[in-house]
Amino acid sequence: MIRRRVASALHQRFVALSAGPFVLLAASALLLFFDFGARVLATNDETRFPMLARDILARGEWLLPRLGGLPHLNKPPLYAWLVALAAWPGGAVTQSSALWPSLIAAIGVLITTAWIGWRLWNRVIGLTAGFIVLTTHGVFTLARAPMPDVMLCLVLTTAMAAFVAAEFDGRRRALAFFYILLGVGFWTKGPAALLALAIVVVFTVGTAGWWSVRRLALPGGLLLVSLMIAPWWVLGATAVGEEARNPCRRS
């Protein structure tokens, strides 16, 4: 009788844990997609990237979309590209289509966070971490806004997952993916993405000493990141030069 009860309890626990990821995805869909597209985009931050995406679709200028007739150089254009791609099937940027990149990125953050928790501890902690992320004010709010914050969060969370795979699973090739994601994060929201590198360096030094930094392959990794972000600086310098030569240009 006791063995049957223990076996039944273990079976129920196994079923619950197996269903956990599906419950997490279902809960995220209910919360994040609730009232989808009804929010009015009113602030400058909320309208900036949809307007850039609209300029991309109108003029076909993907590298340096314009805002108010001027090249937008405050942030790299990756998020505007994603909004434009989401709006492409409908042919126009709307307050609904502009939200798709952030919504998908938010779900990716939940999944990646849950995986990190599962890998470092266990499945229960991983699922708990996923639900905590789902119910945080920042994720819930920014997942429903056409801004690059949640996309940057996804890129950095995935970079942390790549570091976990390299550090705890011995998958050294995952370090290359980590540095590539830093470059992608830069194209999402600029230098803020490089904070992930600082976190990894501090963790490595704090747990294993300064000598252990060598296993991060910093020279090669920094070279890779530099090669990925250099085109943005070149584009920016080129745009500034063109505007200086043609100060009356507006399109």
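Every read-out reported here was derived from the displayed coordinates using simple, explicitly stated rules and does not represent laboratory data. Since the structure is predicted, the reported quantities are computational estimates derived from the model, not experimental observations. Ideal geometry is used to build each Cβ from the backbone, glycine not excepted, and the neighbour counts take in all protein chains shown.
Observations on the model:
- Additional length obtainable on full extension of the chain from L63 to W210, 0.36 nm per residue less Cα span: 48.9 nm
- Computed over the stretch 100-247: relative contact order in percent, which uses C-alpha pairs under 8 Å that are six or more apart: 18
- Each of V234 and N44 was given a label point 7 Å from its Cα along the Cα-to-Cβ line. The distance between the two points is 3.2 nm.
- Close amide H pairs (under 5 Å, H built 1.01 Å from N) link T94 with no residue at least 5 positions away or on another chain.
- Note on the chain: dipole from Cβ charges, positive end direction compared against F177, I104, L85; the farthest Cα belongs to F177.
- Computed [θ] at 222 nm, helices only, for the chain once each DSSP H run of length n ≥ 4 contributes -39500 (n - 2.57): -23500 deg cm²/dmol
- DSSP loop trypsin sites (Lys or Arg not before Pro) with at most 16 other Cβ within 10 Å: longest gap in the chain: 40-170
- V201-R119 pseudo-label distance in nm [points 7 Å out on the Cα-to-Cβ vector]: 2.2
- Gaussian network model of the chain, springs between alpha carbon atoms under 10 Å - residue of A217, A161, A105 with greatest fluctuation: A217
- Förster radius 22 Å - calculated FRET efficiency between A192 and D169 (Cβ-Cβ, nearest 0.05): 0.20
- Using a Gaussian network model of the chain in which every pair of alpha carbons under 10 angstrom is joined by a spring, one finds that among A53, A237, A129 the greatest mean-square fluctuation is at A237.
- Each Lys and Arg Cβ is given +1 and each Asp and Glu Cβ -1; about its Cα centre, the chain then shows a dipole of about 740 debye.
- Backbone HN-Hα couplings from phi across the stretch 79-95 [Karplus 6.51/-1.76/1.60, Hz, Gly and Pro as x]: 5, 4, 4, 5, 5, 5, 5, 5, 8, 3, x, x, x, 8, 7, 10, 5
- Between L73 and W88, the modelled label-to-label distance comes to 2.8 nm, taking each label 7 Å out from Cα in the direction of the beta carbon.
- Applying 1/(1 + (r/R0)^6) with r as the Cβ-Cβ distance of L222 and A19 and R0 = 41 angstrom yields a FRET efficiency of 0.45.
- Each Lys and Arg adds +1 at its Cβ and each Asp and Glu adds -1 at its Cβ; summed about the Cα centre, the stretch 134-251 shows a dipole of about 140 debye.
- Theoretical gain in end-to-end length, H137 to F36 [0.36 nm per residue, Cα-Cα removed]: 34.7 nm
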